[in-house]
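Read the structure below first, then the notes.
We did not get these values from a lab; they are worked out from the coordinates using the rules stated. Quick caveat: nothing in here was measured; it's all calculated off a predicted structure. Cβ placement follows ideal geometry from the backbone for every residue including glycine, while neighbour counts extend to all protein chains displayed.
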Amino acid sequence: MAHKKSAGTTKNGRDSNPKYLGVKLTHGSFAKVGSVLVRQRGTDVLPGKNVGIGKDHTLFALKAGEVKLGYKRKIHFDNKTVLKKVMHILPVEVK
């Protein structure tokens, strides 16, 4: 005979690890080559000049320089004009 009462099932015994998404380097800061600028799901921020995009939509610096954030008008799929954020790197000579 059991001396402990059986534990019932639970529906909320799960949790996921944090993904640390967001902007890593802001407008006006200095970026080294290969440094991560934005970790994102989907393209909330588009890559501009001297910025590459990874397969998980991560933006990274292709050249060393100053980070600039701008906006670009894009035609949406339903023919509406939307403003999209674009991140650029303005190259600076590294000393």
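Miscellaneous remarks
- Phi-derived couplings, Karplus 6.51 cos²θ - 1.76 cosθ + 1.60 at θ = phi - 60°, listed residue by residue for segment 47-60: x, x, 5, 6, 10, x, 10, x, 5, 9, 6, 6, 8, 9 Hz, with x used for Gly and Pro.
- 19 Å tail of the calculated P(r), segment 1-55, as % of Cα pairs: 53 percent
- ³J(HN,Hα) computed for each position of segment 27-39 - Karplus, 6.51 cos²θ - 1.76 cosθ + 1.60, integer Hz, glycine/proline x: 4, x, 7, 9, 10, 8, 5, x, 6, 6, 9, 9, 9
- The chain, relative contact order in percent, only Cα pairs under 8 angstrom and at least six apart counted: 25 percent
- When the Cα positions of N79, A64, L90 are compared along the charge dipole of the chain, N79 comes out farthest toward the positive end, with charges on each C-beta of Lys, Arg, Asp and Glu.
- Per-residue Karplus couplings for segment 4-21, computed as 6.51 cos²θ - 1.76 cosθ + 1.60 with θ equal to phi - 60°, are listed in order as 10, 6, 5, 6, x, 7, 10, 9, 10, x, 10, 7, 10, 6, x, 9, 6, 7 Hz, Gly and Pro entered as x.
- For the chain, the alpha-carbon coordinates run over 78, 46, 21 Å along the three principal axes, in decreasing order.
- Taking the Cα centre of segment 22-91 as reference, the dipole from Cβ charges on Lys and Arg (+1) and Asp and Glu (-1) amounts to some 100 debye.
- Loop-resident sites, segment 19-72, for chymotrypsin sites (Phe, Trp or Tyr not before Pro), counting at most 16 other Cβ within 10 Å (DSSP): Y20
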